[in-house]
Amino acid sequence: MSIISKDINKAITLLKANKLVAIPTETVYGLAGNIFSEDAIRAIFQTKGRPHFNPLIVHIGSTEDLEAIVSYVPEKAKRLAEAFWPGPLTLVLPKKDLIPDLITSGKSTVAVRIPNHPLTLELLNKLDFPLAAPSANPFNRISPTTAEHVEGYFKDDIELVLDGGPCKKGIESTIIGFEDDEPIIYRLGSTSIESIESVIGHIKIKNKNNELPSAPGMLDRHYAPITKTILTANIKNAIKNYSGLKIGLLVFNEYLDDDVSFKIVLSNTGNDLDEAAAKLYDALHTLDKEDLDIIIAERLPDYGIGKSINDRLERATK
Ligand code: AMP
Ligand code: MG
């Protein structure tokens, strides 16, 4: 029997019993549990196979809930929260003592956001505890953007995937931390740098592992298909280099070539980066099931959400 259901009351019952439920968000599906339950949090790490040094994002239902979990909010964090919540922006802020070390991997800061999905907002506002919810995929695998992706991964491990349809944004949240009150992007994501800078001015980016002792989760290889995958700006050359192999192509716009076995176009309407982001992970899931020798992915334009898509493709091809 399928574990996919729209039954929000069942989700509430399970979460109150400190069980895990996969929840829809606008970014990707999350594997959610009560942040105050040690059993639930341990189960999240165990189910995902996620190393304990990789802290979890806490999801809250309204800005009033923020006060209970963080001890200090810099001015620019307030402006960002006002501009982008609910939405795909995570803020890393000094934590209050009641936030368990298990959530933050022992760090003195906690990552927090308000997701923008009606069903999950309703769920959060009906619970009297926040939810820790990392992406609902095994560690290092492709993130899930449909309830079916989650079911494929975890049907034997959890009782319920709350079905909220396909994720509208399709890429994880942008993560921003603060060093001496100055904002720094730790992870590129569904909120573009350009839109962030329109609110708070210039922002630095520190999203490479070697410059990032503060965000241990930003591993170089991540979001990866099992099939060998490469990223290139020159599709034509790459196809030539791998001729004779069973090639799967992932391209931004329509591309005509006879020598590929399988092709997915990310923007059918042409040059739409939002459309490409929403389709990215489903495309990788599909390509990975096609029994290909190699996936050749095209580098997208390097601005707006294109930058975040390229970041994911780089980590998928490491
Ligand atoms: P995921 O839950 O899979 O979207 O990954 C959560 C990301 O948030 C990881 O890359 C973590 O490194 C990052 N993160 C969570 N908490 C913190 C924190 N306190 N400081 C820095 N990064 C964090
Ligand atoms: Mg993840």
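The values are calculated or read from the model by the stated rules, or taken from the named source; none is laboratory data. All figures in this text were calculated on a predicted structure; none of them were measured in a lab. Because the Cβ atoms are built from the backbone with ideal geometry, glycine has one as well, and the counts that use them run over all protein chains shown.
Of the numbered criteria (1) free of Cβ contacts under 8 Å to residues at least 24 places away in the same chain; (2) within 16 Å of ligand 2 (Cβ to nearest atom); (3) surrounded by 13 or more Cβ atoms within 10 Å (Cβ to Cβ), the one Val73 fails is (2). Restricting the first residue to the range 289-305 and requiring it to be assigned to a loop (DSSP other than H, G, I, E, B), which pairs with a second residue that is acidic (Asp, Glu) and loosely packed, with under 13 Cβ neighbours inside 10 Å meet a Cβ separation below 7 Å and a spacing of at least six or different chains? Matching pairs, first to second residue: Gly304/Glu194. Selection of the range 159-187 for residues being away from ligand 1 (no atom under 11 Å from the Cβ) and within 13 Å of Thr145 (Cβ to Cβ) yields Val161, Asp163, Gly164, Gly165, Pro166, Cys167, Lys168, Lys169, Gly170.
Is one or more of the residues making up the range 186-199 among the aromatic types (Phe, Trp, Tyr) and under 24 Å from Ala83 (Cα atoms)?
Checked the range 186-199: at least one residue is among the aromatic types (Phe, Trp, Tyr) and under 24 Å from Ala83 (Cα atoms).
Being loosely packed, with under 15 Cβ neighbours inside 10 Å, touching a residue at least 24 places away in the same chain (Cβ under 8 Å) and in contact with a Gly (Cβ under 7 Å, 6 or more places away or on another chain) is the requirement here; does Glu194 meet it?
Criteria met by Glu194.
Restricting attention to the range 143-158 and to residues that are more than 14 Å from ligand 1 (Cβ to nearest atom) and assigned to a loop (DSSP other than H, G, I, E, B), the residue that is nearest to Ser2 (Cα to Cα) turns out to be Lys155.
Restricting attention to the range 109-142, the residues that are within 8 Å of ligand 1 (Cβ to nearest atom) and either β-branched (Val, Ile, Thr) or free of Cβ contacts under 8 Å to residues at least 40 places away in the same chain (or both) total 2.
Looking across the range 287-305, the residues that are within 21 Å of the chain's Cα centre (by Cα) and crowded, with 16+ Cβ neighbours inside 10 Å come down to Leu287, Asp288, Ala297, Glu298, Arg299, Leu300, Gly304, Ile305. Do we have any residue at all in the range 260-271 that's at pLDDT 95 or above, assigned to a helix (DSSP H, G or I), within 20 Å of the chain's Cα centre (by Cα) and more than 16 Å from ligand 1 (Cβ to nearest atom)? Within the range 260-271, none of the residues are at pLDDT 95 or above, assigned to a helix (DSSP H, G or I), within 20 Å of the chain's Cα centre (by Cα) and more than 16 Å from ligand 1 (Cβ to nearest atom).
Taking each residue of the range 164-190 that is under 14 Å from Tyr72 (Cβ atoms) and looking for partners that are surrounded by fewer than 18 Cβ atoms within 10 Å (Cβ to Cβ) and among the polar types (S, T, N, Q) with beta-carbon atoms closer than 9 Å, six or more apart or interchain, yields Gly177/Ser214; Glu179/Ser214.
Here Ala40, Ala83, Ala68 are screened, and the one residue that is within 16 Å of ligand 1 (Cβ to nearest atom), more than 17 Å from the chain's Cα centre (by Cα) and in a helix (DSSP H, G or I) is Ala40. The set of residues in the range 113-157 being within 16 Å of ligand 2 (Cβ to nearest atom), within 19 Å of Ile69 (Cα to Cα) and charged (D, E, K, R) consists of Arg113 alone. For the range 94-106, a residue qualifies if it is part of a loop (DSSP other than H, G, I, E, B) and either out of contact with any Ser or Thr (no Cβ under 8 Å at 6 or more places or on another chain) or surrounded by 19 or more Cβ atoms within 10 Å (Cβ to Cβ) (or both), and the qualifying residues are Asp97, Leu98, Ile99, Pro100, Ser105, Gly106.
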